[in-house]
Protein chains: 4
Amino acid sequence: MTFEDAASAIAAAGRRMDAMGWVPATAGNISIRLAQDEIAITCSGRHKGLMTAADVMAVDAAGAPREAGARSSYETLLHCGIYRRFAGAGAVLHGHSLANTVLSRRAGTSIRLAGYELLKAFPGGSTHDTAVDLPVFDNDQDIPRLQQAIDALWDDAPGAPPGYVIRGHGVYVWGADMNAAMTRLEALEFMLLCHLEEGRHSS
Amino acid sequence: MTFEDAASAIAAAGRRMDAMGWVPATAGNISIRLAQDEIAITCSGRHKGLMTAADVMAVDAAGAPREAGARSSYETLLHCGIYRRFAGAGAVLHGHSLANTVLSRRAGTSIRLAGYELLKAFPGGSTHDTAVDLPVFDNDQDIPRLQQAIDALWDDAPGAPPGYVIRGHGVYVWGADMNAAMTRLEALEFMLLCHLEEGRHSS
Amino acid sequence: MTFEDAASAIAAAGRRMDAMGWVPATAGNISIRLAQDEIAITCSGRHKGLMTAADVMAVDAAGAPREAGARSSYETLLHCGIYRRFAGAGAVLHGHSLANTVLSRRAGTSIRLAGYELLKAFPGGSTHDTAVDLPVFDNDQDIPRLQQAIDALWDDAPGAPPGYVIRGHGVYVWGADMNAAMTRLEALEFMLLCHLEEGRHSS
Amino acid sequence: MTFEDAASAIAAAGRRMDAMGWVPATAGNISIRLAQDEIAITCSGRHKGLMTAADVMAVDAAGAPREAGARSSYETLLHCGIYRRFAGAGAVLHGHSLANTVLSRRAGTSIRLAGYELLKAFPGGSTHDTAVDLPVFDNDQDIPRLQQAIDALWDDAPGAPPGYVIRGHGVYVWGADMNAAMTRLEALEFMLLCHLEEGRHSS
């Protein structure tokens, strides 16, 4: 995939996430892995509803910009952390939804989703009769330190699902390519919204 | 109706269902009966918001693809089951909404909708002063077995409404043609959303 | 205003109401008074999201079609009832929203809206520091009988607001022209949604 | 910035706010400061979803129209009050959302938002580990008197955030330019919606 194609796919994903209400203000960031040491990622501080390919830039596997002067998303290192750990990750999406924000603020260290047909969008999910425990990390403006906490969990739980939530902040989801990542994000946000609704009823 | 016209109508219905939020990820499937032994149906795993006529294929009344290599929706046999039972069914819609997912997870074997003006979208509904008991089936990845359970209910309850819900999964609705099926789906989802809202209040 | 201009304005209003989620299935109907004895109104059973001027027809003040063969909305007589009673009414909107449906099902004979800035969209509303009691009528498929009940209330309460709700069915709102009617409908639906939300909290 | 560019930016902001559901009926108003004594602002009573640059006019710093006959938004003086007090304010947005309306009706003199990542959209917000106390003023149709109450609070609390809510009415937010103001509004409305949702759960 060329950088140009990746930039277009990222911009389209941004506009879709905006239409879904998952990237308020300048929230959210999106990337595609182009090669072992090259990632296309959203520039810092752009509104996702107005994105074009010009709002996408290239960084290396350590998150350093390929072009002088360009500034990538504040959370670029979290994208790099996912690509470094998971060879099969080809695209990463990060968004802030009502459901992932509110649920993570009241959750402990994970959110359990069980019995939904859309769990089939997660690995091993050939059935709905399963559960996914989505890890929840405390929010931290020190991104390298946050990535360390995430790596520590992955070291301990190699079967962790391809996604996690940062408390009061947002969700990260990834897949083999942009289509797979978006499918997973839509499935996850739908289940989180159902989970939120069920919490209303039982309260 | 030609296959081409059916494929266009199916794609338009998919985009409408996506705009309504009823087909997250690659959820949902849609079909039109073209002839006694020919059904146009969505291909497996496509996003409904991006659908074009190229995402539609033909199967026979038993669900076998007309073209080698094409793979139809995982739940094709449920569409076939509806067409086999109901001579008047010309189009079938399946979607996953917040309301049908959450309500079916907490329901018993049916969901009762009563007193809504939009019940007129169901057979015999020349008045709002009636009720529809929408059957709820347990989810099952074994589609032939699920269809057996559905057939068993239809054998016992010949007056069952033209729709049912699979628990934690989604709704099936049908009508004489695509317009009739979509009208019924919109009426049903609206009443389910009202029913969900009333459950919030009374809790 | 010509019939052609009215038909275009009605179609645009229908598409707006569909985008707001207020006309599920083929719900809702819309009219504009063209002259003392001529009303442009939506044809029966059309989807409002797909409306064009071709989905609009002319009836006389008693609701009789001007053209043989055309069938106007089932509730045409309720539009006629409004125009007959209120000389200043130039356009009428009827829609089914989640809020007006759920609130009217649990209401008595009226819904009180108080203290909202948007009450200024109602007559006498130069301030928010007021209240509107929106009449709620029991639903009835016998439209002339329903209109009699509405007329009886108007006889008793000449200061009734330019709108009412039919229980479990939908809202009617009118104004001097289509812009005024739509402004009032949007204001009313917004306040009803707030009222519904406040009912959730206090439960 | 020319008046023409400001009018286009204001119209685009109006259409965005309409798409978000924040300007029902003819609610909301929007302005950009063009010079020390010149403000571009929405005309009175226009629907924001249909806005074009023709719905924007110029007023001076005291709110007087530059052109005879034109009438600016009823709340023009609140915009002027913001520009007079804050030299860094370049654009002001006012909208009515479900969340800001319902929360302000049940609030005391402020709404506290704490722990959200999107608090970074407010001054001093290099971290989520902070709180913003959004002032809430009682609604008043006497706009100069309302502005006096606002000025009194600003005199007492020079660190007040760049936004406030009028009870049962709507929110005001501002920023250095339209992009900054819209980013702040989107962040604020998202947090208010989360806050509203959390109130549902705890009730």
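For the range B:27-45, enumerate the residues that are touching a residue at least 60 places away in the same chain (Cβ under 8 Å) and either within 20 Å of B:ALA180 (Cβ to Cβ) or acidic (Asp, Glu) (or both). It would help to see each step written out before you state the result.
Of the residues in the range B:27-45, the ones touching a residue at least 60 places away in the same chain (Cβ under 8 Å) are B:27-32.
Selection gives B:GLY28, B:ASN29, B:ILE30, B:SER31, B:ILE32.
Among the listed residues A:LEU118, A:LEU103, A:LEU185, A:LEU192, which satisfies the condition of being facing another protein chain (nearest Cβ under 10 Å), under 17 Å from the mean Cα position of the chain (by Cα) and within 23 Å of B:GLY49 (Cα to Cα)?
On the way: A:LEU118 fails: under 17 Å from the mean Cα position of the chain (by Cα); A:LEU103 fails: within 23 Å of B:GLY49 (Cα to Cα); A:LEU192 fails: facing another protein chain (nearest Cβ under 10 Å).
None of the other options fit; the residue is A:LEU185.
Looking at (1) surrounded by 15 or more Cβ atoms within 10 Å (Cβ to Cβ); (2) at pLDDT 95 or above; (3) closer than 22 Å to B:GLU198 by Cα, find the lone condition where B:ILE143 falls short.
Going through (1) surrounded by 15 or more Cβ atoms within 10 Å (Cβ to Cβ); (2) at pLDDT 95 or above; (3) closer than 22 Å to B:GLU198 by Cα one by one, B:ILE143 breaks only (3).
Do the conditions hold for B:HIS94, that is, is it at pLDDT 95 or above, within 30 Å of B:ARG200 (Cβ to Cβ) and surrounded by 24 or more Cβ atoms within 10 Å (Cβ to Cβ)? So that I can check it myself, show each step before the final result.
Details: at pLDDT 95 or above: yes; within 30 Å of B:ARG200 (Cβ to Cβ): yes; surrounded by 24 or more Cβ atoms within 10 Å (Cβ to Cβ): yes.
Against the criterion (at pLDDT 95 or above, within 30 Å of B:ARG200 (Cβ to Cβ) and surrounded by 24 or more Cβ atoms within 10 Å (Cβ to Cβ)), B:HIS94 qualifies.
Just to check your reading of the model, which residue among B:PRO158, B:PRO135 is modelled with pLDDT of 95 or more, away from chain A (no Cβ under 12 Å) and over 29 Å from C:LEU146 (Cα atoms)? Give the derivation first.
Details: B:PRO158 fails: modelled with pLDDT of 95 or more.
Step by step, each of B:PRO158, B:PRO135 is checked, and only B:PRO135 is modelled with pLDDT of 95 or more, away from chain A (no Cβ under 12 Å) and over 29 Å from C:LEU146 (Cα atoms).
Taking strands (runs of 3 or more DSSP E) that do not extend beyond the range C:80-172, which have at least 2 residues that are touching a residue at least 60 places away in the same chain (Cβ under 8 Å)? Reasoning before the result, please.
Working: elements: C:91-95, C:110-114, C:131-137, C:163-166.
Here the list reads C:91-95, C:110-114, C:163-166.
Which pairs turn up if I take residues in the range A:46-63 that are farther than 24 Å from A:PRO24 by Cβ and look for partners that are surrounded by 16 or more Cβ atoms within 10 Å (Cβ to Cβ) and aromatic (Phe, Trp, Tyr) with beta carbon separation below 8 Å, at least 6 apart in sequence or on another chain?
A:ALA58/A:PHE3; A:ALA61/A:TYR83
Just name the residue that is nearest to the other protein chains (Cβ to nearest Cβ) out of those in the range D:2-35 that are of a type in the set (A, V, I, L, M, F, W, C) and in a loop (DSSP other than H, G, I, E, B). Spell out how you get there, then give the answer.
Of all residues in the range D:2-35, those of a type in the set (A, V, I, L, M, F, W, C) come to D:3, D:6-7, D:9-13, D:17, D:19-20, D:22-23, D:25, D:27, D:30, D:32, D:34-35.
If we keep only those that are in a loop (DSSP other than H, G, I, E, B) too, we end up with D:20, D:22-23, D:25, D:27.
Details: D:MET20: 8, D:TRP22: 10, D:VAL23: 9, D:ALA25: 4, D:ALA27: 6 Å.
Among them, the one singled out is D:ALA25.
Looking at the range A:21-40, which of its residues are buried (at least 16 other Cβ atoms within 10 Å of the Cβ) and not β-branched (Val, Ile, Thr)? Outline the logic, then answer.
As a first pass, look at the range A:21-40 and keep what is buried (at least 16 other Cβ atoms within 10 Å of the Cβ): A:21-34, A:39-40.
Within the range A:21-40, A:GLY21, A:TRP22, A:PRO24, A:ALA25, A:ALA27, A:GLY28, A:ASN29, A:SER31, A:ARG33, A:LEU34, A:ALA40 meet the criteria.
The values are calculated or read from the model by the stated rules, or taken from the named source; none is laboratory data. Being a predicted model, the structure only gives us computed values, none of them experimental. Note: ideal-geometry Cβ built from the backbone for every residue, glycine included; neighbour counts use all protein chains shown.
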